[in-house]
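These notes concern the structure reproduced below.
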Amino acid sequence: MEPDLSVEISGIKMKNPVMTASGTFGPKEYLPFVELNRLGALVVKTVTLKSRPGNPPPRLRETPCGVLNSIGLQNPGVKVFIKEDLPWLSQFDVPIIVSVGGETVEEYLKIIEFLNETKEISAVELNISCPNVKKGGIFFGVDPDEAANLTVKAKKISRFPLWVKLSPNVTDISLIAKVVEESGADAVSLINTIVGMAVDVKTFKPYLGGITGGLSGPAIKPIAVRMVWEVAKRVKIPVIGMGGIMNAHDALEFFLVGAKAVAVGTANLVNPKAVLEIISGIKKYMKEKGFKRMGEIVGKIII
Amino acid sequence: MKKGDNLIFNLSVEVISNQMIASEVFKIKFFSKEIASVAKPGQFIHLKLDYEDILLRRPFSFYRAEKETFELLFQIVGKGTAFLSKLKPKEKVDVLGPLGNCFSLPNNISRILLVAGGIGIAPLRFLAEVAKKKGIESYLLYGTCSSNKIVDLADFKALTKEAFILTEDGSFGEKAMVTDLLQKFAHEVAPDYAYACGPRLMLKEVVKILISLNIKVEIALEEVLGCGLGVCHGCVCQTTKGYQTVCRDGPVFEGKSIIWE
C-alpha cells in the first residue's frame, strides 16, 4: 500500500507535507519542470502594499554551502499580484499561501484586507523576518511585543488561517513562537535566513550591495533543525520547518524534530525539480521503513 | 536583443572533449541534440557542478552549437572552473538551458562589429558563425591581456572579414586595449550594428564610444546568477527600465539601456 503523505495544517488539507519557500520558486517559470498539482502547497513570493524595486546589486554571494542574498522584497505589490498572478495560479489544485510583508502594522493589515477580497488563497503567511529591508520586516520578528501586537491585529481581520514566519536572528525563537501562538497564529514557519556578511579583501568592500544579507542553504540546516525542535516542544500549533533542505533526508530530520510540514527554498535555485524529488524521496523512505502516515514520523525523535 | 527560445531543458549531458586552448582557458564540448538545436548566440547554459561545497549553478554562454553538440569556453577563476577543467570525456554534467535572451541580428544589416575582451569572446564567436551563414560580414576587435590568452585565432580569421587582435602587453599584435582602438576601428568599418562582451569597465567604455559614433550596440553581461530562470531576482542590473534580471531579461542588453555604477 502506498504511504499516505497528506497532512492538515490550520484546516488546509495538503497532499503531502512539502511546500515551496517564499521567494525561491516561480510557478510560471518552473512549470516546465514541476507539475504544480503535486506540491503540498505553494508559498508565493512576499507581497507588499506598494511595488518595491528591491535592493541595489550585487544581491547574491555564494559562501561555503550557502548563499547570502540581499534581494530586498522586490515585487510588484499586492494589487498587481491579485490581478495578474492569482487568477493564473487558481487553475491549479494546490493550496496558495500568500506571504505578506510590510513596513508598518497598518501596511500588513491593508494587504490582508486586499487579500480578504479574494477567493483563491488558502492562508496568509506573515513575513516578520525578512532581514533585507530597512523598515519593518525583521523588526516585528525579533521583539516579542511587536510580534504579538501585529499577530493579534492580523488575526482579527484575516479571513484566512494565519501563519507567522519567524526569524532565527533572536536569542530564543521558541519564546517568539509561543507569543505568536498566544496571539492567535494558526501555524508558525521557521526559519527565515540568518543575517550574514561577506567582504571582498581585494576591494575592501562588502560583496552585497545591501552590505548584509540573509544566509540560506545547507550551511544553516543544523541551526534550523535545532530551532524547529525547540519550537515544536513549546507550541501546540503546527510547525512548518525550513532552512537548507536539499533532499528527502534533510526534510526527514525536520519531521523527526516535530515539523508537520516543510518548505524548500534554496534547493529550488539549484535544482528546479528539487521539490518533486524530495516528495518522492519521502515516499520511498516511508515505504522502505513501513510507515503508513506522516504522523508516524512527525516529532518521533528518540532522545 | 530578442527573447530566447522558450524551450528549456534540464538534462544530464555527456562531455565529448575538454581541452586547454590558451593559458588557463578551456574549451569543453557536450553532446545534446536538444540543446544544440535551439541554442542561440548570447544565450547561456547553467551548469551544476557537484564538487565540494559548491552550491549554485555556474552560467556559461554558448561558444558554439551545431547539430548534436555545443561548446563552452571558460577560464579558470575559482573552484568551480577548476573542477570543470578536470572533467573527462564520457563524464556527465547536469545542465539547465538554453537560458536568457539572444543577440538580435536584425534582417536589414550587412556588416557588424564584434568587440571582445578576454573570455568575452565566447558568445561573439557563436554570433560570428551565425552571421556568416546569413551572409553578414563580421569585423572583430579582440583584446586579451597577453598572447597566451588568445583562443582559436585561425577559426576567427575564417569566420570574420577582418579580425584585429591586440594585447595589453604587446606580446601579440598592437600593444593596446580594445577601448584605445575602438573609435578608429569602428569608424573605418562603419558597421550597421555592434556587439560587445568583456569586463564591465570595458563594456561601459565601449558603449560610450559607440554611442558617440551613433552605432547601435548590444552587450552581453556576466553576473553571479541564482536560479537562472528570472525567479530569485538575485542577478539584477540597473537599466533605464529599472532593475532587470541578467539571467532572463538579459544577458544581452542594448548598450544604451544600462545605467552604469
Condition first: assigned to a helix (DSSP H, G or I) and touching a Pro at 6+ places or on another chain (Cβ under 6 Å). Can you find one or more residues in the range A:193-203 that meet it? no
Evaluate the range A:111-119: report whether one residue or more is crowded, with 19+ Cβ neighbours inside 10 Å, hydrophobic (A, V, I, L, M, F, W, C) and within 13 Å of chain B (Cβ to nearest Cβ). no
Counting just the residues of the range A:54-81 that are among the β-branched types (Val, Ile, Thr) and more than 20 Å from the chain's Cα centre (by Cα), which one comes out farthest from A:PHE160 (Cα to Cα)? A:THR63
Given the options A:ILE173, A:ILE194, A:ILE223, A:ILE121, name the one that is modelled with pLDDT of 95 or more and farther than 25 Å from A:ASP250 by Cβ. A:ILE121
Assuming A:GLY11 fulfils every condition listed in (1) in contact with a strand residue (DSSP E or B) (Cβ under 8 Å, 6 or more places away or on another chain); (2) small (Gly, Ala, Ser); (3) in contact (Cβ under 8 Å) with a residue 40 or more places away in the chain apart from one, which condition is it? (1)
The residue from A:ILE282, A:ILE223 that alone is in a helix (DSSP H, G or I) and closer than 30 Å to A:PRO56 by Cα is A:ILE223
With respect to B:PHE30, determine if the residue is in contact (Cβ under 8 Å) with a residue 40 or more places away in the chain and either open to solvent by 10 Å² or more (accessible area, probe 1.4 Å) or away from chain A (no Cβ under 13 Å) (or both). yes
In the range B:191-203, what count of residues is obtained for those that are in a loop (DSSP other than H, G, I, E, B) and closer than 18 Å to B:ALA128 by Cβ? 3
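Every residue, every condition in (1) more than 17 Å from A:GLY243 (Cα to Cα); (2) within 8 Å of chain B (Cβ to nearest Cβ), yes or no:
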| site | (1), (2) |
| --- | --- |
| A:ASN16 | yes, no |
| A:ALA21 | no, no |
| A:THR24 | no, yes |
| A:ASN37 | yes, no |
| A:THR48 | yes, no |
Does B:THR179 meet the test of being free of Cβ contacts under 8 Å to residues at least 60 places away in the same chain, more than 11 Å from every other protein chain (Cβ to nearest Cβ) and open to solvent by less than 20 Å² (accessible area, probe 1.4 Å)? no
Does B:HIS187 satisfy the criteria of being within 14 Å of chain A (Cβ to nearest Cβ) and either crowded, with 21+ Cβ neighbours inside 10 Å or part of a helix (DSSP H, G or I) (or both)? no
Assuming A:GLU181 fulfils every condition listed in (1) surrounded by fewer than 17 Cβ atoms within 10 Å (Cβ to Cβ); (2) among the acidic types (Asp, Glu); (3) closer than 26 Å to A:GLU107 by Cβ apart from one, which condition is it? (1)
Considering B:ALA154, B:ALA194, which residue is assigned by TED's automatic domain parsing to the domain that holds B:ILE119 and at pLDDT 95 or above? B:ALA194
Only one residue in A:LYS153, A:LYS135 is among the basic types (Lys, Arg) and either at pLDDT 95 or above or in contact with a helix residue (DSSP H, G or I) (Cβ under 8 Å, 6 or more places away or on another chain) (or both). Which one? A:LYS153
If you go through B:VAL77, B:VAL130, B:VAL95, B:VAL25, the only one that is out of contact with any strand residue (DSSP E or B) (no Cβ under 6 Å at 6 or more places or on another chain), among the hydrophobic types (A, V, I, L, M, F, W, C) and not assigned by TED's automatic domain parsing to the domain that holds B:ILE209 is B:VAL77
Take the range B:92-108 and flag every residue that is away from chain A (no Cβ under 14 Å) and within 20 Å of the chain's Cα centre (by Cα). B:ASN101, B:CYS102, B:PHE103, B:SER104, B:LEU105, B:PRO106
Using the structure shown, decide if B:ALA176 is within 18 Å of the chain's Cα centre (by Cα) and within 17 Å of B:GLY118 (Cα to Cα). no
Identify, please: which residue in the range A:236-274 is in a loop (DSSP other than H, G, I, E, B) and of a type in the set (S, T, N, Q) and is, among those, surrounded by the fewest Cβ atoms within 10 Å (Cβ to Cβ)? A:ASN247
Filtered residues of the range B:226-248 (kept if out of contact with any strand residue (DSSP E or B) (no Cβ under 7 Å at 6 or more places or on another chain) and either open to solvent by 40 Å² or more (accessible area, probe 1.4 Å) or more than 7 Å from every other protein chain (Cβ to nearest Cβ) (or both)): B:GLN238, B:THR240, B:LYS241, B:ARG248
Just wondering, is there one or more residues in the range B:31-43 that are among the basic types (Lys, Arg), in a loop (DSSP other than H, G, I, E, B), at pLDDT 95 or above and over 28 Å from B:ILE150 (Cβ atoms)? no
Counting only residues in the range B:212-225 that are of a type in the set (D, E, K, R) and within 13 Å of another protein chain (Cβ to nearest Cβ), the one surrounded by the fewest Cβ atoms within 10 Å (Cβ to Cβ) is identified as B:GLU223
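The values are calculated or read from the model by the stated rules, or taken from the named source; none is laboratory data. What you see is a predicted model, and the numbers here were worked out from it, not measured in a lab. Please note: Cβ atoms are built from the backbone with ideal geometry, for glycine as well, and neighbour counts cover all protein chains shown. Areas reflect the complete protein model, heavy atoms only, side chains present, ligands, DNA and RNA absent. Shrake-Rupley method; radii C 1.70, N 1.55, O 1.52, S 1.80 Å.
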